[in-house]
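The values are calculated or read from the model by the stated rules, or taken from the named source; none is laboratory data. Note that the structure is predicted; figures quoted are calculated from it, not measured. Positions of Cβ are generated from backbone atoms using ideal geometry, with glycine treated the same way; all protein chains shown enter the neighbour counts. Surface accessibility is based on the protein's heavy atoms, side chains included, excluding ligands, DNA and RNA. Shrake-Rupley method; radii C 1.70, N 1.55, O 1.52, S 1.80 Å.
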Number of protein chains: 2
Amino acid sequence: MKHAVLAVACLMACAACGGSPDAPASEDVDGSETAQAAAAAETPTPDFAGIPDWRPVDPADLLLIQVEDGMIAIELADWIAPNHANRMRQAARDGFFDGRSFYRVIDGFVAQGGRGEDPDAVELPQYPPLAGEFAVPASTVTFTPMIDADLYAPMIGHVDGFPAAMDEAGSAVWPIHCPGTVAMARDNDPDSGDVEFYIVIGQGPRHLDRIMSVFGRVIDGMAHVQALRRGDPTVNSGVIADPTARDTIMSARMASDLPVADRPAYEVMRTDGQAFFEAKQSRRNRTHEFFFETPPPVIEACHVLGPVRLVEQPDHD
Amino acid sequence: MKHAVLAVACLMACAACGGSPDAPASEDVDGSETAQAAAAAETPTPDFAGIPDWRPVDPADLLLIQVEDGMIAIELADWIAPNHANRMRQAARDGFFDGRSFYRVIDGFVAQGGRGEDPDAVELPQYPPLAGEFAVPASTVTFTPMIDADLYAPMIGHVDGFPAAMDEAGSAVWPIHCPGTVAMARDNDPDSGDVEFYIVIGQGPRHLDRIMSVFGRVIDGMAHVQALRRGDPTVNSGVIADPTARDTIMSARMASDLPVADRPAYEVMRTDGQAFFEAKQSRRNRTHEFFFETPPPVIEACHVLGPVRLVEQPDHD
């Protein structure tokens, strides 16, 4: 497994890798636009004293889904959807997902699996429908706002590594749909999720914010999710009819249920700390000479997910 | 090859596929929000008389890149970057790309290839640097505006199937970076592109708008682009060091250079026609009962790419 840095990695698009737009290194060529960008800085600079840049991912929150292409690591989010997170913990412990598949994969939208369509789509008495967990009182979380505008919510920011939004009154917070967001699928009934989940694999489908129970995000292995075989979205909503043409979930386990030696260990950049603050600033104010014209000093919410790093891999990997 | 509909396909996220949020079918549950959504309709309804819903893709604009996983079809855009499009036509005709690779693939950002790093990164006298083609006079194109706000540009809309933006004066138009956008890489010099190109595979990196020469978009095979092997973004900017670990470009050909029987034929939905107008409206005003709360009546620019359909596949496919 490779060292993983999901979001604040060097994101350049130059030929022969001579430049590095996201790693500022020299003066900007356009003074006026630089001034505009500087004015957009988050001020005043918060006090980060005592806040470490990184936090460990708790093995009890780390869901490891093995597919043929590799391992998908998902951090569960009790802050937003404790009942859905617990459902995933339980189903993983039960071995429920093993041998099932990602059977509905729509390129540019979601990879869905876990439960399956007919003949699997029967009632699961062990996993009764869950009441939707769509938003939480703002008072229960540390929401670090961004200064950037958003098309879908009055305010955007982060909670504990997750991109999130806040309502106008400042009273409710909810996670938003970005690439890597993991949520429970459901029927029309808002309270109908069980163990069928989806992972966002395309441009963040923000129209699903606050009406789906988001319970986690992929912190490693998105490339394996992207490699999953697709269905045809024009036929049966993208369900892959031929079971042999689907990618199988070989296993799904909570890291905490594995022997210590078999657990990968991750750290997530704290989104209320200084390193993340600076990462946002450098994305908002691009000063590398690659940018011969400075882009608008704005960040779209789905462009700054909390960075992740692998700090320990299983012994036998 | 399967029938391809890239964007206005049914994009649902329900369990067991019982609902269909993007295919309105029943009354909305929230009258007040429905009214708000209706108010956001594009009015007055334009006159679409004489405008067909679909147009064929010219084989002279259709670049076919074969990788092991399948075929990637790119429509070149003379309306924005004729010199870059011609460069791709020439290089394809020369067989230049055959046997090269996607050697820098960063998950969530871009798949880059065509030229290659060292030892390939030498001067290519047959492909001298191209002057950047970043924007065009608005008078030269049919720009169909959207009514939706945007974080990066004063106005967004479409030109001939491509998502695009317009400046405040209404004088310049440029294509924007969304999943599937194809552009030429370059060094810090704005006029340094040659034959090294990239395909966007993540959340649209809009900060690259108007500073990169976009010359096309993927109209089929994005799943194959997404399946390309990734590099480690923390090591040498994501370049895959081991050549055997890279996905090879088996061939790259213009459809017009192939025998007629070997050409796939595509149609793109006209973005100035009625079908596309209605597709935008239904995305902006989601009335399916799946949406127990109506999302904000807005579309993000990268969420409405011009739909594509395959109308003929090669005889021997």
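Below is a table of values for the structure above.
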quantity	calculated
Under the Karplus curve 6.51 cos²θ - 1.76 cosθ + 1.60, θ = phi - 60°, whole-Hz ³J(HN,Hα) for the range A:156-164, x wherever Gly or Pro sits	10, x, 9, 10, 6, x, 8, x, 8
Cα centroid separation - the range A:275-304 against the range B:247-317, whole Å	31
The range B:195-317, dipole about Cα centre (Lys/Arg Cβ +1, Asp/Glu Cβ -1), debye to the nearest 20	400
Full-stretch length increase - A:Ser282, A:Glu312 - with 0.36 nm per residue and alpha-carbon distance subtracted	8.0 nm
Sorted largest first, extent of the range A:172-250 alpha carbons per principal axis (Å)	43, 30, 24
Solvent-accessible surface ranking, highest first, for A:Arg115, A:Arg104 at 1.4 angstrom	A:Arg115, A:Arg104
Under-5 Å amide H pairs with B:Glu133, H placed in peptide plane, nonlocal only	B:Ser213
Accessible area that becomes buried as A packs against B, both chains, 1.4 Å probe, Å², nearest 100	5900
P(r) histogram, all alpha-carbon pairs of the range B:179-317 included - 10 Å bins from 0, percent	9, 27, 34, 22, 9, 0
Solvent-accessible ranking of A:Val298, B:Val225, largest area first, probe 1.4 Å	A:Val298, B:Val225
Calculated label separations, A:Gly50, copies of the chain, 7 Å along the beta-carbon direction, nm	7.2
Listed residues A:Glu196, B:Glu133, A:Glu293, A:Glu312 arranged by accessible area, highest first, probe 1.4 Å	A:Glu312, A:Glu293, B:Glu133, A:Glu196
Amide H contacts of B:Ile176 (H built 1.01 Å from N, under 5 Å, at least 5 apart or other chain)	B:Ala164, B:Ala165
Accessible surface of B:Trp54 - all protein chains present, 1.4 Å probe, nearest 10 Å²	60
For the range B:195-312, with +1 on Lys and Arg beta carbons and -1 on Asp and Glu, the positive-most of B:Val200, B:Met250, B:Gly221 along the dipole	B:Val200
Principal axes of the range B:137-194: Cα extent on each, largest first, Å	35, 24, 22
Label 7 Å beyond Cα on the Cβ vector: A:Met250 copy-to-copy distances, nm	2.5
For A:Thr140, inter-copy label distances in nm, listed shortest first [label point 7 Å out on the Cα-Cβ vector]	5.6
Contour minus Cα-Cα distance for B:Thr45 and B:Asp167 (0.36 nm per residue)	41.6 nm
